[in-house]
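J.: Quick one: the structure is below, questions incoming.
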Amino acid sequence: MRHDGTVQLTWSDADQAFREELRAFLDENIPAETRNGFDFQGQASSGELIPSWLRVWQATLFDNGWMIPGYPPEFGGRNASPTQTMIYLEELATRRVPRATHFPGYAIVAPSLLEYGNAQQRALVAPAIRGDDIWCIGMSEPNAGSDLASLQTRAVRDGDAFIVNGQKVWTSYAMVAAKCFCYVRTDPDAAKHKGISVLIISMDAPGIEIRPLRHITGQADFAEVFFTDVRVPAANLVGELNAGWSITQGSLAHERAGLWVESVARLEQTVQSLVELARVYGKAEDTGVRRKIAAMAEMASSLRALGYKGFASYAQGSSAPEHSFMKVASAESGKAAFELGMEILGDHGALVDPDIGAEAGRWVTSFYINFANTIAGGTSEIQRNIIAQRVLGLPRK
Ligand SMILES: Cc1cc2nc3c(=O)[nH]c(=O)nc-3n(C[C@H](O)[C@H](O)[C@H](O)COP(=O)(O)OP(=O)(O)OC[C@H]3O[C@@H](n4cnc5c(N)ncnc54)[C@H](O)[C@@H]3O)c2cc1C
């Protein structure tokens, strides 16, 4: 959308040139493992938590300014505009090429340190984006998930250090991470949002115990992390003491504004796979199945249109409430799409044994993984609360 309110239905010459340069880079450099599209759902069975070829690929993207195009070259980008960032995400999503599978470092820690870190901490940004340092995020605890402000992991000042005691849970990549971006309580007497701080904690510090947790798929990519008298240098405090809550609201808008593209592209590809599956399993003429696939195709198209609309608002500097819908709608639609795949497969749909289960359990495994998407990063119920209150203006109960 232009500033005068008219709609531009073509890309500018500069944006088209950006796309061509990206395509040429991808054609030449895409790793063999992802040349026919990366199987995001297949990660569950790959065994290696962060495959070495993906680490090389992330570094290659960084070194060529294609890791986060909107950032300057020293942070793995090329100062691309928001529209170009969207073109980039669309191109990668269409080809099913991942940037990295471990998101905490480049997507959460890097923008937070750029906004709140001091000069010494900002030196950690480039290795986080390049994937040289693996990070984990220590937010959730057994009694603090949706209500994050209830977190209890305690940090007490002792000379030039903080002493940390407590427990985190569901900490993605904790077992391979070098550092944790950890939310701790530094003032137990303040109102709960006001006594939280962020510490950078080395995961090899004495007193840290990591116990991997398994998904229902068998994959263990997150863990419980226990802290017992862990000594953390006071210099590792990010931002002001007791001002950690504002960091949770962090400066992720630039990335978030385009990330919907990936989930819409994945949903569109899943709908296409459902059509093929229905043909192969003789359900293409089944009215019920046809209606469900058509409804999903309609949902994917609606989400794409909504995403573009939200993106246009964002690019013009307005807030984009449309993006609040995207998380809940894409997570729930993904789950429903894979459940439909199991239904089409019939009796074998829920089996994962490759000798017995049709498609080696691909649909049921994907269904389980998509269930996690309705919880991670804010559950669907919490998203609906946000939409009700902040978008529809309904009263809190
Ligand atoms: C795959 C995956 C990766 C994750 N990675 C990380 C990570 O790296 N770091 C990290 O810190 N955390 C991580 N998490 C944790 C995630 O952020 C939490 O699971 C999530 O915030 C929900 O918190 P909870 O599990 O404590 O559930 P709870 O908050 O206890 O919620 C339980 C149920 O109650 C519902 N509920 C809660 N409050 C309300 C309400 N006010 N209104 C309506 N319904 C409500 C929820 O929707 C849910 O269904 C990950 C989770 C998953 C699944």
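The numbers here are math on the coordinates, done by the rules we state, and not lab data. Please read these numbers as outputs of a predicted model, since none were measured by experiment. Cβ atoms come from the backbone with ideal geometry, glycine included; neighbour counts cover every protein chain shown.
J.: In degrees between 0 and 90, to the nearest 10, how far off the longest principal axis of the chain does helix 82-95 point, with axes built from Cα atoms?
T.: 60 degrees
J.: How compact is segment 82-238 by the rule of thumb for globular proteins, expressed as Cα Rg over 2.2 N^0.38 Å?
T.: Here the answer is 1.10, to two decimals.
J.: Provide the FRET efficiency to the nearest 0.05 for the residue 146-residue 13 pair, computing r from the beta carbons and using R0 = 35 Å.
T.: 0.15
J.: Kirkwood Rh, the chain, all Cα pairs: how many Å?
T.: 22.7 Å
J.: Taking the 0 to 90 degree range and rounding to the nearest ten, how far is the long axis of helix 52-63 tilted relative to the main principal axis of the chain, both from C-alpha atoms?
T.: 80 degrees
J.: Need the C-alpha centroid separation for segment 324-339 versus segment 269-318, integer Å.
T.: Measuring centre to centre over Cα atoms gives 11 Å.
J.: With +1 on the Cβ of every Lys and Arg and -1 on the Cβ of every Asp and Glu, and nothing else charged, how large is the dipole of the chain about its Cα centre, in debye rounded to the nearest 20?
T.: 920 debye
J.: Comparing 55, 279, 185, which has the greatest mean-square fluctuation in the GNM of the chain with Cα pairs linked when under 10 Å apart?
T.: In this elastic network of the chain, the residue with the biggest mean-square fluctuation among 55, 279, 185 is 279.
J.: Per residue of the chain, what 222 nm ellipticity follows from adding -39500 (n - 2.57) for every DSSP H run with n ≥ 4, rounded to the nearest 500?
T.: Helices in the chain give a 222 nm mean residue ellipticity of -13500 deg cm²/dmol.
J.: Now for a separate question. In a GNM of the chain with a 10 Å cut-off on Cα contacts, which of 387, 129, 247 has the highest mean-square fluctuation?
T.: 387
J.: Considering only 159, 242, 57, whose Cα is most displaced toward the positive end of the charge dipole of the chain, charges sitting on Cβ of Lys, Arg (+1) and Asp, Glu (-1)?
T.: About the Cα centre, the residue reaching furthest to the positive side is 242.
J.: Report the residue, chosen from 262, 339, 20, that carries the largest GNM mean-square fluctuation when the chain is represented by alpha-carbon nodes joined by springs under 10 Å.
T.: 20
J.: For segment 13-101, report the % of Cα-Cα distances exceeding 16 Å.
T.: 53 percent
J.: Hey, what do the phi angles of segment 164-177 turn into as Karplus ³J(HN,Hα) couplings, whole Hz, using 6.51/-1.76/1.60 and θ = phi - 60°, x for Gly and Pro?
T.: 10, 9, x, 9, 10, 8, 6, 7, 4, 6, 4, 6, 10, 7
J.: Gain in length, residue 301 to residue 392, computed as 0.36 nm per residue apart minus the alpha-carbon separation, to one decimal in nm?
T.: Full-extension gain reported as 30.5 nm.
J.: Also, I was wondering about something else. Could you calculate the FRET efficiency of residue 32 with residue 133 from 1/(1 + (r/R0)^6), where r is the beta carbon distance between them and R0 is 25 Å, rounded to 0.05?
T.: So, using R0 = 25 Å, E works out to roughly 0.45.
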